[in-house]
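S.K.: What follows is a structure written as structure tokens; I'll ask about it next.
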Amino acid sequence: MALRTAPQYLESLRDGRTVYYRGERVADVTAHPELGIGARHCAIDYALADDPHHRELVRVTEGGRTINRFYKIPRNAEDLLRRRELIAGTTYAGRAIIQLIREIGTDFLFAHAIISHAMQEKLKAPYHERLQAYHRHVAENDLAMAVAQTDVKGDRSRGPAEQEHPDYYLRIVDRQKDGIVIRGCKAHTTSSIYANEIVALPTRTLGDPDADYAVAVAIPANTPGLRFIVSPLSGGGRSAFHHPISSRHKIFDTLTVFDDVFVPWERVLLCGEAPYAGALALGFVEFHRFTAISYKLPLMDLMIGAALLMAEANGIEQAGHVREKLSRLISYRETVRSLTVAAAHECKLKGPGVAVPDTTITNIAKQYFAENYHAMVQRVQDIAGGLLVTGPAEEDLTSPETKADVEKYLGGRRGFGAHNRLKLFNLIRDLMASDFGGYHELLAIHAEGSLEAQKITILRGFDAGACRAFAAECANLEL
Ligand SMILES: Cc1cc2nc3c(=O)[nH]c(=O)nc-3n(C[C@H](O)[C@H](O)[C@H](O)COP(=O)(O)OP(=O)(O)OC[C@H]3O[C@@H](n4cnc5c(N)ncnc54)[C@H](O)[C@@H]3O)c2cc1C
């Protein structure tokens, strides 16, 4: 099958999937007044395959077939750098908003290529063959994928089997001749309603008492018993004037309910092997955080560009404190970018020859981005000024009663009349001082793992023992 077009992709979402928005069943996400925005945003990913500027980057030949590069297993640093370019490229096309209909799914495929390979060698069970067959299926049919990893988790201080409620983590409730039945709920599943396939995998390390929670599956989005309850809280607005980004580009997240869902064996990718659950959960985030730091670049570019334009519009771009703020924004961008490139260059081959970005560098970049995001937003807000949140409405620019006042008083430096200046305020407010902006602040901190998760990974991955030995030697310790 050839790569799908954007209309073919949108048509594939009309498959009877069970979606609820604000308490009501949605028959067709592509036709819904709010959810349709996200569907058309995700379709950008498909449109790029035929776009003359992106075609060469998107299309790649594997085994004599043309597939989307997202599905290509990285074998070396060059592959990881091209993948990074593709992730950034699709995000630039979405005006700094990622689509997330292939990135996370393929992060899972690469991680499980390594884990399932080890499982097959040790357990003599056909997990790797199953994964490879599934990988071929999604690549050859050019399918969109979402990943539901984060369980609702109940009491965070207790493991799955110790919870008051047995379904706070996704679990196997029945093993049958043809497959398994699973029950539970995953939270925050991004772009699930725009995916053809939903992958579920464990969110943490599991012990033997948790064996029923060690489950990974990949199922079509319209599988009976699978329900999506869409969050309306990602913000955004309808007016293209007030919301230049979010009126056309946004993503939605869901509570993803697995209500006794039957999964045939060929789609069961982990089934009770508790020791491999943690390896898969951690292996997945090794790729997923590399995706994270790859898609931040367009947002950071927009922060720098908007701050610069706003400074020009306000006539302050030469002011010392503004130059200092701009230099911090540039350093922020360049630190994340160069760490991302370094993580690709220092990749390691694992399992059946899969290139894994350097884990420590990747986590440092993700942590650095997340910990500093709010401070960078503050700098852009400071340069912009208070009209960011007190400016007039779109209607005031057209009403004969108010138009003249707005145009007369809200101009800035020559060349930045009231219209242009308000457009700049709206761009910054939409991204950094609105519900949609708040969503991005949360996304920075929690998506792809919370801050503590990165710190734990950095501590685990770095060889601090060598530093300890060096310090002991310098101190002439007698240990
Ligand atoms: C916008 C967005 C998109 C996302 N997209 C996806 C997606 O597509 N798929 C997916 O699977 N997930 C997704 N996530 C989930 C994301 O990975 C989680 O939000 C993140 O791992 C934190 O989990 P949590 O939200 O349950 O918060 P919690 O785990 O409850 O964290 C809250 C606080 O509790 C702390 N904490 C938690 N457990 C413990 C403990 N045992 N001991 C001490 N402290 C603890 C944390 O460090 C943190 O400070 C998304 C999240 C966001 C915000």
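S.K.: Might you check whether a residue that is of a type in the set (A, V, I, L, M), touching a residue at least 24 places away in the same chain (Cβ under 8 Å) and on the phi < 0 side of the Ramachandran plot occurs anywhere in the range 399-416?
M.R.: No, the range 399-416 contains no residue that is of a type in the set (A, V, I, L, M), touching a residue at least 24 places away in the same chain (Cβ under 8 Å) and on the phi < 0 side of the Ramachandran plot.
S.K.: What number of residues in the range 100-152 are basic (Lys, Arg), away from the ligand (no atom under 16 Å from the Cβ) and either within 21 Å of Val58 (Cα to Cα) or modelled with pLDDT under 95 (or both)?
M.R.: Here the count works out to 1.
S.K.: I'd like the residue in the range 209-244 that is closer than 13 Å to Val261 by Cα and surrounded by fewer than 24 Cβ atoms within 10 Å (Cβ to Cβ) and, out of all such residues, is farthest from the ligand (Cβ to nearest atom).
M.R.: Residue satisfying both the conditions and the ranking: Pro224.
S.K.: Separate question: Does Gly64 count as open to solvent by 40 Å² or more (accessible area, probe 1.4 Å), at pLDDT 95 or above and not acidic (Asp, Glu)?
M.R.: no
S.K.: Okay, moving on. Which numbered condition in (1) surrounded by fewer than 16 Cβ atoms within 10 Å (Cβ to Cβ); (2) modelled with pLDDT of 95 or more is the only one that Ala370 fails?
M.R.: (1)
S.K.: What helices (runs of 4 or more DSSP H), lying completely within the range 398-479, carry at least 1 residues that are open to solvent by 60 Å² or more (accessible area, probe 1.4 Å), within 16 Å of the ligand (Cβ to nearest atom) and of a type in the set (A, V, I, L, M)?
M.R.: On the way: elements: 403-409, 418-432, 435-446, 451-461, 464-474.
In the range 398-479, 435-446, 451-461 are the helices (runs of 4 or more DSSP H) which contain 1 or more residues that are open to solvent by 60 Å² or more (accessible area, probe 1.4 Å), within 16 Å of the ligand (Cβ to nearest atom) and of a type in the set (A, V, I, L, M).
S.K.: Separate question: Quick check on the range 334-348. Is at least one of its residues in contact with a Phe, Trp or Tyr (Cβ under 9 Å, 6 or more places away or on another chain), open to solvent by 50 Å² or more (accessible area, probe 1.4 Å) and under 23 Å from Phe462 (Cβ atoms)?
M.R.: no
The values are calculated or read from the model by the stated rules, or taken from the named source; none is laboratory data. These numbers come from a predicted model, not from an experiment. Neighbour counts run over all protein chains shown; Cβ positions are idealised from the backbone, glycine included. These accessible areas exclude ligands, DNA and RNA; they are computed on the full protein's heavy atoms, side chains included. Shrake-Rupley method; radii C 1.70, N 1.55, O 1.52, S 1.80 Å.
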